[in-house]
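Accompanying notes for the structure given below.
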Amino acid sequence: GEGTACWGVRGDDAEQKMPESFLRTWTESTNESDDFQQATLEHVRQMPYPVWDWLITGLNAFDNRDGICKVSGRVLVLWGSKDEIFPAADQEALREGLTGCDATYETIEGGSHNVHWDSVRTRTEVVAILDKFMKSH
């Protein structure tokens, strides 16, 4: 598929494996636990190539800008300020699009895309935000 071809891997490759360098980058985190980091890496190593191809192709193709205004109810948007997958511009577009709901936006300073598992600090902050949100209203 087109999605993974940008990393030098094509669907007709004999081994059909994601490059180790990509997997290491994908699983990088600031989590203090070496065991957690190793387990995360081992987990993604087991993911079959066609799943990666589908995932990346789907991420690149999906665009919900027209439908996001239809989201209703209470919504909590958590964002890590160092998210490299959805940067600040994407967060602003989300704010502009989520017009039909009661949205609460929380930024975790220094958090990555996977803010809930970055570190003890970010995990604790995420839990506190979720707890507060669920108990409000």
| remark: Which of (1) 2, 9, 15, 16, 17, 16, 14, 8, 3, 1, 0, 0; (2) 2, 8, 11, 13, 15, 15, 13, 10, 7, 4, 2, 1, 0, 0; (3) 2, 8, 13, 13, 10, 6, 4, 3, 5, 7, 8, 8, 6, 4, 2, 1, 0 is the computed P(r) over Cα pairs in 5 Å bins from 0, in percent? It is (1)
| How much FRET efficiency would the formula 1/(1 + (r/R0)^6) give for Arg95 and Val120, where r is the Cβ-Cβ distance and R0 is 30 Å, rounded to 0.05? | 0.55
| said: Using a 1.4 Å probe on the protein heavy atoms only, what accessible surface does Trp26 show? Give it in Å² to the nearest 10. | reply: 90 Å²
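For the chain, what is the calculated [θ] at 222 nm in deg cm²/dmol (nearest 500), taking -39500 (n - 2.57) for each run of four or more DSSP H residues and dividing by its residue count?
Details: 6 runs with 63 residues, N = 137.
The helix contribution divided over the chain gives -13500 deg cm²/dmol.
The values are calculated or read from the model by the stated rules, or taken from the named source; none is laboratory data. If you're wondering where the values come from, they're calculated on a predicted model, not measured in any experiment. No Cβ is skipped: glycine too gets one built from the backbone with ideal geometry, and neighbour counts run over all protein chains shown. Areas reflect the complete protein model, heavy atoms only, side chains present, ligands, DNA and RNA absent. Shrake-Rupley method; radii C 1.70, N 1.55, O 1.52, S 1.80 Å.
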